[in-house]
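All remarks here apply to the structure that follows.
Coordinate-derived values only; no laboratory data. Keep in mind that this is a model prediction, so the values were computed, not measured. Heads up, the Cβs are rebuilt from the backbone with ideal geometry, glycines too, and the neighbour counts pull from every protein chain shown.
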Amino acid sequence: MRVNHAGEVSAQGLYQGQALTARDAKLRDAMRQSAAEETDHLAWCEQRLNELGGSTSLLNPLWYAGSFAIGALAGAFGDHASLGFISETERQVESHLSDHLQRLPAADLRSRAVLRQMKVDEQQHGEKAAALGGTPLPAPLQWAMGLSSRLMTGSSYWV
């Protein structure tokens, strides 16, 4: 759950950075709404982490700051590029959550419930970004995003 919590910290940074640089007011509001939903995910992960006797990642401030900068940079390329970035991010998060659900013990029903709802919400965020005009990202950028995600999740697991 620490990895999922760190991912939600990053999501806060991404959405807030992108909302800051969004050019269209309706899009900015949509990003803020998605960020609010991500705040729920953050709270759920933290609560579950506490119930399991775990702790949050010490790297969370780094994840937030880096994600905020990446979100602002994505927004600087324009709203369609920013929406494409959201769509791809949420696709990768959904894949991570599917993998995590497969690895969770069958008896951990509380964690499963949290991750299932997060997965539904992330899928909706990605679909909303695509429907609002998100431009698909080039394959090399998708690959780089996946690599950075693996680095974040791997280090958050341990630190």
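Normalising by the residue count of the chain, find the relative contact order in percent from Cα pairs under 8 Å and 6+ residues apart. Working shown, then result.
Working: 214 pairs, mean separation 50.1, N = 159.
Relative contact order comes out at 31 percent.
Hey, if you drop one equal point scatterer on each alpha-carbon of the stretch 2-158 and run the Debye formula without solvent, what base-10 log of I(q)/I(0) do you get at q = 0.11, 0.19, 0.20 Å⁻¹? Values returned for q = 0.11, 0.19, 0.20 Å⁻¹ are -0.40, -1.18, -1.31.
How much mean residue ellipticity at 222 nm does the chain get from its helices, if each DSSP H run of length 4 or more adds -39500 (n - 2.57) and you divide by all residues, to the nearest 500 deg cm²/dmol? Numbers along the way, then the final one.
Values: 6 runs with 132 residues, N = 159.
Rounded to the nearest 500, it is -29000 deg cm²/dmol.
Simple point charges give the picture: +1 on the Cβ of Lys and Arg, -1 on the Cβ of Asp and Glu, and for the chain a dipole about the Cα centre of about 160 debye.
For the stretch 64-75, backbone phi angles converted through the Karplus equation (6.51, -1.76, 1.60; θ = phi - 60°) give residue-by-residue couplings of 5, 4, x, 5, 4, 5, 5, x, 5, 5, 4, x Hz, Gly and Pro being listed as x. Its alpha carbons give the stretch 73-159 an Rg and a Dmax of 14.5, 45 Å.
Using 0.36 nm per residue and subtracting the Cα-Cα separation, the extra length available between Ser98 and Ala25 on full extension is 23.0 nm. Contact order, relative form, for the stretch 1-78: 55 percent (alpha carbon pairs under 8 Å, 6 or more residues apart, mean separation divided by residue count).
The fewest-to-most ranking of Lys26, Lys119 by surrounding Cβ atoms within 10 Å reads Lys26, Lys119. Length available on full extension from Arg112 to Leu141: 0.36 nm per residue minus the Cα-Cα distance, which gives 7.4 nm.
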